[in-house]
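The values are calculated or read from the model by the stated rules, or taken from the named source; none is laboratory data. The structure displayed is predicted, hence computed values, not measured ones. Virtual Cβ from ideal backbone geometry, glycine too; neighbours counted across all protein chains shown. Protein only, heavy atoms only, side chains kept; ligands, DNA and RNA dropped before computing areas. Shrake-Rupley method; radii C 1.70, N 1.55, O 1.52, S 1.80 Å.
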Amino acid sequence: PLATEAGGTEYHVGGKFWESQDDSEWQIIAEWVSSAQAGQMAAAPAPPEVDFEFFRSCVQPIFLNPREGAVDCATCHTGGTRGFAPPIPEGRTYWNEEESRRNFGVVMRFVKAGYPMQSLFLQNPLHPDGGGTPMHGGGIRWESQDDPEWQELAAWVRGENRGNTCPASLQF
């Protein structure tokens, strides 16, 4: 909330409160912030580990499974920076471990471990009324966060779903 000319950021949703760093209120807050010691600050918890085996056995099959009103993920996400579902080589019906690890790496660019609603992997195919983005070209996969498939994937992003046993909502 410090004026831009005085060193504040350009945007502050609540407006600008102080025109100068000489303002007594600003100085009190600045002194308080600078006096905080590292030990007094709460350490951010380490993000949870998002499990590769769950991804390989339970998440990847979703890429091949269309839903009404949307195409399957593998139709659009075959290459480039968003290519987490490249074509499966001829003669096979699924990705091998090396290919799955590559796909996992690509998906993780769209996942913020621990935070489903900050993960574009879960936001883009979610209906905007349910908290999703309006930008997904492949259609809406989930109408709301109450969708069982969305719930299981959110649990995976939070680090809860582990191993290669898929819940019923992810079995096709």
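Values for this structure:
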| quantity | calculated |
| --- | --- |
| Probe 1.4 Å, protein heavy atoms only - accessible area per residue of region 78-172 in square angstrom | 54 Å² |
| Selected from Asn161, Asn65, Asn124 as most flexible by GNM, with the chain as the system and alpha-carbon contacts under 10 Å | Asn65 |
| FRET E, pair Thr9, Ala155, Förster distance 35 Å, beta-carbon r, rounded to 0.05 | 0.45 |
| Solvent-accessible area, 1.4 Å probe, carbon plus sulfur percent, for region 1-105 | 56 percent |
| Computed over the chain: relative contact order in percent, which uses C-alpha pairs under 8 Å that are six or more apart | 21 percent |
| Percentage relative contact order, region 95-172, counting C-alpha pairs under 8 Å, at least six apart | 22 percent |
| Mean ellipticity per residue at 222 nm, deg cm²/dmol - from DSSP H runs of n ≥ 4 across the chain, formula -39500 (n - 2.57) | -7000 deg cm²/dmol |
| Cut-off 14 Å between beta-carbons: net charge of the residues surrounding Glu160, Lys and Arg +1, Asp and Glu -1 | -2 |
| Positive dipole terminus of region 35-172, leading residue within Ser169, Val107, Ala154 (C-beta point charges) | Val107 |
| Top of Thr93, Thr75, Thr133 by mean-square fluctuation, Gaussian network on the chain, Cα under 10 Å | Thr93 |
| Neighbour net charge for Gln151 - beta-carbon separation under 14 angstrom, K R +1, D E -1 | -4 |
| In range of the label at Ala70: residues from region 114-131 whose backbone nitrogen is under 16 Å from the point 7 Å along Cα→Cβ | 116-131 |
